[in-house]
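The values are calculated or read from the model by the stated rules, or taken from the named source; none is laboratory data. Bear in mind the structure is a predicted one, so any value in this text is a computation, not a measurement. We place every Cβ from the backbone using ideal geometry, glycine too, and count neighbours over all the protein chains shown.
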């Protein structure tokens, strides 16, 4: 049977006489890889009439101006329609299955006289319990606009986190929107990935007049994870000390390893492997040992205080990618 999830853009805009390319992302399970892929258009009678499918059917109305390419190893199939006409506007489905009622995503196509080309959807894959880094390009270089990350639902995009400090309840301690770089781009870091995190998201900037610049992102969380579930909670006593291990990929070479303090969607670095220690923590925090072959480094925090309670992230940076993992510290009064 066709299994698991299928994701893709919900809205497409094309120009008259122009073309559109639509990507459908699916879990690359054996069942999905070899099953029929289809692209159909909804009619007034509620049926979805096939325009093209991987079983080499093409509707006569679309001969010569539609193509479907499947890349099973990547879990994507792509539909391209050219020579767009105003009659092409409407609701379509891209799906998998022997009928057009199987696993599908519905989307709406608008055909305008002069359409702006939207950015291609970004596909990000992560493993259960691990972390991902999403790079969000932005047309805004002023840096004073709100950066946001939301999950696309049936009718709206549910806000998960924004740069003004808002973080949804289910994402406490596991999401971070980084400050903007000079190009206007920023990153969204998410860790402790869960199965239900799979889906279609939007990231972008928002000015006074609404959304300026958005990027669609499909996040797929692979459930067959090789990563062990590590304890997320640590407890210590006021005045005592605490030692814990941070883990990273032993095969990776990282420019920087660090520990940061997560609070309301931001995470200032407390110390790193280059010798930096944040002023208030000098003398009571250190990286005590590092074992790159096993992919671990140890951190010791001494003279524990009540205000040390809260979320911390272990991090390792390589280029644009950051590997992060959350820890929650509970402090008891002696």
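Side notes on the structure shown:
- Filter result for the condition that a residue is modelled with pLDDT of 85 or more, out of contact with any strand residue (DSSP E or B) (no Cβ under 7 Å at 6 or more places or on another chain), within 20 Å of residue 135 (Cα to Cα) and loosely packed, with under 15 Cβ neighbours inside 10 Å, over 239, 165: 165
- Elements of the type strands (runs of 3 or more DSSP E) sitting completely within the range 64-117 and holding at least 1 residues that are at positive phi, modelled with pLDDT of 90 or more and outside the structural domain of residue 47 (by TED's automatic domain parsing): there are none.
- Subset of the range 66-86 that is farther than 11 Å from residue 24 by Cβ and in contact with a helix residue (DSSP H, G or I) (Cβ under 9 Å, 6 or more places away or on another chain) - its residue that is surrounded by the most Cβ atoms within 10 Å (Cβ to Cβ): 81
- Residue in the range 280-287 that is touching a residue at least 40 places away in the same chain (Cβ under 8 Å) and outside the structural domain of residue 173 (by TED's automatic domain parsing) present: no
- Flag if residue 17 is assigned to a loop (DSSP other than H, G, I, E, B) and at pLDDT 90 or above: no
- Close Cβ contacts (under 6 Å, 6 or more residues apart or on different chains) running from residues in the range 255-275 that are on the phi > 0 side of the Ramachandran plot and touching a residue at least 12 places away in the same chain (Cβ under 8 Å) to residues that are assigned to a strand (DSSP E or B) and surrounded by 15 or more Cβ atoms within 10 Å (Cβ to Cβ) comprise 265/161; 265/167.
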